[in-house]
Amino acid sequence: MSNENLIIEKARKGDANAFRQLVEMYQDYVFTIAMRILNNREEAEEAAQDAFLKAWKGLVSFEGKSKFATWLYRITWRAAIDRYRSRPGRTASIDDSETHMQVPDFEPTPSQAMEAADTRQMLEVAIAQMKPEDAALISLYYQAERSVKEIAEITGLTESNIKVKLFRLRSTLKGILERQLKTEVKQLL
């Protein structure tokens, strides 16, 4: 049994310290999913807290048929979507440019680091222009590196629907990035 599975078992038996360890392990991904959907830091933090609270209360029902991460991300997805749907007027902000991405294991040169930061920023701006649910799908697949099967479990969509959506979303993202690059090139000239 893996270390994570031992922690999950302890948490299922009511060990708050074990659940705290799970929160620490998954808080960044949970926040990222909520942020992608809500595009508002405060609301994303609240949705993440709601998700962890629901996970704590429902942990006894976790049967291990899927990965714990998938189960937790599904709870997060629903909490963030519910919060998004309850918004009056459903407005979204793209002002928060802080990124929550994984850091590579190697030490890049300063120029590589600047280029990577520029690329991440452009990608974040482009993703922020997408519908929240679409942005969350892109984030789950590319940033959280979840499989199509896991995303289906999280979102409740079919695997084929997710594949089609990801195909279309890549095209949409490409178009947004091309427009951004054209604007940047014009500004340089």
TODO: Only Lys, Arg, Asp and Glu count, each charged at its Cβ (+1, +1, -1, -1), so figure out the dipole size of the range 110-149 about its Cα centre, rounded to 20 debye.
DONE: 180 debye
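What size of dipole, in debye to the nearest 20, comes out for the range 1-75 about its Cα centre when the only charges are +1 on Lys and Arg C-beta atoms and -1 on Asp and Glu C-beta atoms?
My answer is approximately 320 debye.
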TODO: State which entries of 10/131; 67/163; 149/182; 10/149 exceed 32 angstrom in Cα-Cα distance in the structure shown.
DONE: 10/131; 149/182
Open item on the list: Apply the Karplus curve 6.51 cos²θ - 1.76 cosθ + 1.60, θ = phi - 60°, to the phi angles in the range 166-176 and return the couplings in whole Hz, x for Gly and Pro.
Closed with: 4, 4, 5, 5, 4, 5, 4, 4, 4, x, 5
Task: Linear extension gain, residue 27 paired with residue 133, 0.36 nm per residue minus alpha-carbon span - done: 36.2 nm
Open item on the list: So the label point goes 7 Å from the Cα of residue 13 along Cα→C-beta, right? Which residues of the range 56-88 then have their backbone N under 18 Å from it?
Closed with: 59-64
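A short reminder: the numbers here are calculations on the coordinates, not readings from a lab. On a predicted model such as this, the values are computed, not experimentally measured, just so you know. We place every Cβ from the backbone using ideal geometry, glycine too, and count neighbours over all the protein chains shown.
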